[in-house]
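Asks: Handing you a structure now.
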Amino acid sequence: MRKKVIIYSNNRIVQKFETAKNAAAWLGIRPRTFRMMMLKHSVHGKYICRYLNHKHYEPSKKYVGPPIKVFAFLKDGTFVNEYPSLQEAARILEVPNSTISMILKGKCISTGGYTFSLTEKFPGIREIGRRGLPKKPIVAAKDGIEKTFPSIYAASKILNINRIGIIHVLKGRYKTSSGYTFNYLTL
């Protein structure tokens with residue numbers, strides 16, 4: 001759908017354009033500048049610009065899926081409550097819902113003394129790395145014997161294996177590194 005534009009001056013129509021690009025060229029500005037101008041205030045000097053179709057002013061509607069149940073825990077693993085949605089948990093516990101989302105994605109550990117999970121099982125508290133993100137525990141298996149490590153770095157030091165080889169196995173590029181297979185530990 002083309003964005004037809006009408007340009008007014010002193011309450012009368014000065015010019016009509018079939019496209020916003022033509023209107024921008026007539027005003028002597030770049031199309032991107034014209035779009036930003038239309039989003040903010042639609043005034044350029046003595047001219048007032050309006051889209052002919054009112055639907056261009058309506059915000060786009062994004063699909064919002066059904067709410068996801070969230071389970072809250074204290075840091076020691078004590079179950080707090082089950083909430084019907086992330087927003088409801090944020091409102092009741094008075095914590096930011098963006099931080100809860102980051103916890104569920106594994107990019108953050110806790111907020112306000114709480115940690116969250118999508119299942120009824122306590123997710124566990126992981127160690128924090130140098131960058132402030134939680135370390136992902138991994139499992140190394142060789143000859144049917146499994147060993148758990150808190151991070152890739154710890155596994156590489158203890159097993160005396162290059163950490164790049166471990167990363168390649170975790171990403172599926174290699175099958176083994178020094179005879180070990182590696183997987184992330186699912187909490």
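The values are calculated or read from the model by the stated rules, or taken from the named source; none is laboratory data. Not measured: the values here are computed from a predicted model.
Asks: Going through the range 2-30 one residue at a time, which ones are part of a loop (DSSP other than H, G, I, E, B), over 37 Å from the mean Cα position of the chain (by Cα) and over 11 Å from Ile48 (Cα atoms)?
Replies: Glu18, Gly28
Asks: If you don't mind, there's one more thing I want to ask. Residues that are within 15 Å of Phe71 (Cα to Cα) and modelled with pLDDT of 85 or more, at least 1 per element: which strands (runs of 3 or more DSSP E) completely within the range 102-156 meet that? Walk me through how you get there before you give the answer.
Replies: Values: elements: 114-117, 138-142, 145-149.
Fully inside the range 102-156 and qualifying: 114-117.
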